[in-house]
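The values are calculated or read from the model by the stated rules, or taken from the named source; none is laboratory data. For clarity, every value in this text was computed on a predicted model and none was experimentally measured. With ideal geometry, Cβ positions are generated from the backbone for all residues, glycine too; neighbour counts draw on all protein chains shown.
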Amino acid sequence: MNRNMLLAALFFLLLITGYNQFIVLPRVRAQQQAAEQELAQAKQDLALADSAAPLAQAKTSTLPEELITFQAPQAQVTFTTKGAGIKQYLFEDVVDHVDLTPYKGEGFFTTLPQLDFREAARTQDSIVFTAQWAPGVELRKTYRFGENGLGSVNLTLNNRTQREVTLPAFDFNFGPGMATVNSELSDNERESKAVYLTQEPGKKNPTLVKFTAKDQSPVSGKDWIWAGVQNRYFLSVLVPQNWTAGALSTKKEVVTTQKRLWGLFGESDVEGPQMRIAVPAQTVGAKSSQELKSDFYFGPKDYQLFQTLPYHFSRSIEFGFFGALGRLARNVLETFYGWTGNYGVAIIMLTVLLQLILFKFTLMSLKSSAQMKKVQPEMKRLQEKYKGNSEMLNREMLALYQKHKINPISGCLPLLIQLPIFLALFNALRTSWSLHGAGFMLWITDLSSKDPYYILPILMGAVMFFQQRATMPPQMDPTQAAMFKYMPLVFTLLFMNFPSGLVLYWLTNSLITFGIQTIANRKIAHAK
């Protein structure tokens, strides 16, 4: 074999070796890897397909709880990885930030707390959590927050398996309890309720229903529009969209303790409502997904805001038995505020307007009081003369009234008219979120809370004292005299802890009435 043939053989050998090494073998390896991946996927799909209940494989996680903070438009929200619920809702109040969810529990809007959710994405107004229920089955929970407290929480079940799967029934949690601003904490246990809104047949507007301690049986999901918990100033509810909820169930939980009479009698438990909204079992087809959409509201019970939102949230605001009058008074108050920019001045204007409307009845009452005061000595004489004969006494008293043209009912009529107006204003001002943090003048910086120095209640009591003194007959029955004497003191003590806006109304009302009374008494005296 000559040299040229040897070189040709070596070149051919190298060519064959390089071709096998760099072309043939990589192709074989790639085909083998692809086949192995297909086989592994087939085994996984086969295992999932052969499983009788893939979702039943979910197990309670042993991972520690983690907290995730998100800045929403109205609040700083802290989520828990255990069920992706809200553990802290720090509402950014105009007076001071308020933690509305300070009590221990699963958290608001929590679903499936046995699962570990992880943050998957976030934007300026939304945050997304995901959790694995079983191989090939993922839960995706998306919160979206609006500027006005109205948002959405959507739960998506993604089924990547080869067969239909069913997510067992679970709950949305609310509570236990919900906190409020400092000025209302003492009343919060009484004001905190689990509630739902329902449309009753034959009624134009839906009705707010409160759960009481006697309510034991769950409420069907077909019977309500939204449900959740509330107190005097705040509301947190869920509004199902494309799904029908199961039953509502509630119970009372001990949320904290409070001192009894400044701690002299120890401490007592404070209870708060906890509500669970049942979500029925959800069946999802193979290689498909299903989304449960819900709106929610979490924030203050702002009547003006609620007029611009859907779902009749304003029904959660308590206007009392005379609700129509309360709503009218609230609207007039807002009109006056729009003119003045000061709710204290608006309350004074509203009081003056009411006095003008009731002026005729007030004057009628004052004239009746003056006339009764005038005939008081003669009435006393008749009572002594016919002490043992009530029939004769009534006949002579009636004759006395006719002689002086006195109508005893006219003295009570203005009070009967003013009572429903006062009750309507009481509820309207007491529940007005607009007054929260609204200043009037000097030391009155929050018309929704009590006067910190009790100046307004003391002034109101003093005006009532002089008003009672001017109208009290000189020869009044001692029992009635004592009642009139101590009534201003009772009212002063009663109004000490009332919202200063309400005390301002009553003080203004008393001043105007006292002024009218003084002028009327002078005219009656000159007429003699």
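Within the range 275-293, does at least one residue satisfy the condition of being within 20 Å of TYR103 (Cα to Cα) and within 16 Å of the chain's Cα centre (by Cα)?
Step one: of the range 275-293, the residues within 20 Å of TYR103 (Cα to Cα) are 275-277.
This time we only want the ones that are within 16 Å of the chain's Cα centre (by Cα), so: 275.
Looking through the range 275-293, at least one residue is within 20 Å of TYR103 (Cα to Cα) and within 16 Å of the chain's Cα centre (by Cα).
Would you pick out the residues in the range 130-148 that are small (Gly, Ala, Ser) and either over 30 Å from TRP433 (Cβ atoms) or buried (at least 21 other Cβ atoms within 10 Å of the Cβ) (or both)?
Taking the range 130-148 first, the residues small (Gly, Ala, Ser) are 131, 134, 136, 146.
Across the range 130-148, the qualifying residues are ALA131, ALA134, GLY136.
If I ask for residues that are more than 24 Å from LYS104 (Cα to Cα), part of a loop (DSSP other than H, G, I, E, B) and among the hydroxyl-bearing types (Ser, Thr, Tyr), which ones from the range 162-217 would you list?
SER217
Residues that are farther than 15 Å from VAL503 by Cα and modelled with pLDDT under 70: does the range 415-436 have at least one?
For the range 415-436, residues farther than 15 Å from VAL503 by Cα and modelled with pLDDT under 70: present.
Residue-by-condition table, conditions (1) among the aromatic types (Phe, Trp, Tyr); (2) over 20 Å from GLN307 (Cα atoms):
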site	(1), (2)
LEU333	no, no
PHE336	yes, no
TYR343	yes, no
ILE347	no, yes
LEU350	no, yes
LEU354	no, yes
ILE357	no, yes
LEU363	no, yes
SER368	no, yes
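Every residue, every condition in (1) without any contact (Cβ under 8 Å) to a residue 40 or more places away in the chain; (2) outside the structural domain of ARG140 (by TED's automatic domain parsing); (3) within 12 Å of the chain's Cα centre (by Cα), yes or no:
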position: ASN159; (1), (2), (3): no, no, no
position: GLN162; (1), (2), (3): no, no, no
position: PHE172; (1), (2), (3): no, no, no
position: ALA179; (1), (2), (3): no, no, yes
position: SER183; (1), (2), (3): no, no, no
position: ASP187; (1), (2), (3): no, no, no
position: GLU191; (1), (2), (3): no, no, yes
position: ALA194; (1), (2), (3): no, no, yes
position: GLU200; (1), (2), (3): yes, no, no
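Determine, yes or no, whether THR101 is free of Cβ contacts under 8 Å to residues at least 12 places away in the same chain and either surrounded by 19 or more Cβ atoms within 10 Å (Cβ to Cβ) or not charged (D, E, K, R) (or both). Give the derivation first.
Numbers: free of Cβ contacts under 8 Å to residues at least 12 places away in the same chain: no; either surrounded by 19 or more Cβ atoms within 10 Å (Cβ to Cβ) or not charged (D, E, K, R) (or both): yes.
Considered against the rule, which asks whether it is free of Cβ contacts under 8 Å to residues at least 12 places away in the same chain and either surrounded by 19 or more Cβ atoms within 10 Å (Cβ to Cβ) or not charged (D, E, K, R) (or both), THR101 comes out as no.
Would you point out the residue of the range 346-363, among those that are modelled with pLDDT under 80 and surrounded by 15 or more Cβ atoms within 10 Å (Cβ to Cβ), that is farthest from ALA428 (Cα to Cα)? It would help to see each step written out before you state the result.
First pass over the range 346-363, keeping only residues modelled with pLDDT under 80: 358-363.
Next cut, surrounded by 15 or more Cβ atoms within 10 Å (Cβ to Cβ) only: 358, 361-363.
Details: LEU358: 19, PHE361: 23, THR362: 23, LEU363: 27 Å.
By that ranking, first place goes to LEU363.
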